[in-house]
Amino acid sequence: MIYSFDELALKFRDYTDIKGKIQREIKSGNLIPVARGLYETDAYISGKYLAGSIFGPSYLSFDYALAEYSLIPEAVHVYTSATFNKRKTKVYQNHFGVFTYRDVPSNAYHSGILLHCDENYSYQIATPEKALCDKLYSLSPVKNLHELEILLFDDLRIDEVEFQKLNMKNLRELSELYRTTNLKFLKKLIRKM
């Protein structure tokens, strides 16, 4: 279970030295620091459940989501998340892994996000279409449609069979929310297909 400092202060309100009690709980392994003022009780919980609490608002996307949906063959060991209006990339490292956060356009942020709930935990993750749009948004612009295809299928190693399974209508609608060259060429690729 994830706790903020304020929640722990309420839980340990009968102790005269709340900070001392928290430090003792950390030393005994009952609490694991996640970020400043944020603690987890389960040392083995997946970082995907913590990513949205560490820095937010945010949702899992980019390489992490592409790997989750088997769009890329590589295993991704960094929890990559999208934010908006933060204006710089943030990186956090803790017991649970490495967490990175980068901006997407604010008008695109709220579309294409799924909420997953598992017992006492929940997390938000981009749809496969949204994760692909976020990833293309984060990359240097290509010059033409041919370069986009090389970027997708050679450089990023997007699985062409999985790509064909994407909802092209959703992909086209999402791509219109980003005003970048890569997403303009993605719309052309969709039309070509």
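None of the figures in this text is laboratory data; all of them are computed from the coordinates on show. Keep in mind the model is a prediction, meaning the values are calculated, not measured. Here Cβ is always computed from backbone atoms with ideal geometry, including for glycine, and neighbour counts include all displayed protein chains.
Computed from point charges on the beta carbon alone (+1 for Lys and Arg, -1 for Asp and Glu), the dipole magnitude for the chain about its Cα centre is near 760 Debye. Taking amide H atoms as placed 1.01 Å from N in the peptide plane, the amide H of Val142 lies under 5 Å from those of Asn182, each 5 or more residues away in sequence or on another chain.
Here the extension length gained between Tyr15 and Arg157 equals 45.6 nm, from 0.36 nm per residue of separation less the Cα-Cα distance. Computed over the range 48-192, relative contact order equals 23 percent, with contacts defined as Cα pairs under 8 Å that lie 6+ residues apart. For Lys188, the lysines whose Cα falls under 29 Å of its own Cα, not counting residues fewer than eight places away in the same chain, are Lys130, Lys135, Lys143, Lys165, Lys169. For the pair the range 105-162 / the range 6-52, the C-alpha centres are spaced 33 Å from each other. What does DSSP give for the chain in terms of the percent of beta bridges that are antiparallel, rounded to the nearest 5? Of all bridge pairs located within the chain, approximately 75 percent are antiparallel. Calculated on C-alpha atoms, the gyration radius of the range 86-164 divided by its Kirkwood radius gives an Rg/Rh of 1.02. Shape descriptor for the range 1-45: Rg over Rh equals 0.94 (Cα atoms; Rh from the Kirkwood inverse mean 1/r). Percent of Cα-Cα pairs more than 21 Å apart in the chain, please. Summing the P(r) of the chain above 21 Å gives 55 percent of all pairs.
At 222 nm, what helix-only mean residue ellipticity would the chain give, in deg cm²/dmol to the nearest 500, using -39500 (n - 2.57) for each DSSP H run of four or more?
On the way: 10 runs with 75 residues, N = 193.
Here the helix-only value at 222 nm equals -10000 deg cm²/dmol.
Among complete DSSP H helices in the chain, none has alpha-carbon atoms stretching at least 30 Å along the helix's long axis together with a mean Kyte-Doolittle hydropathy reaching 0.0.
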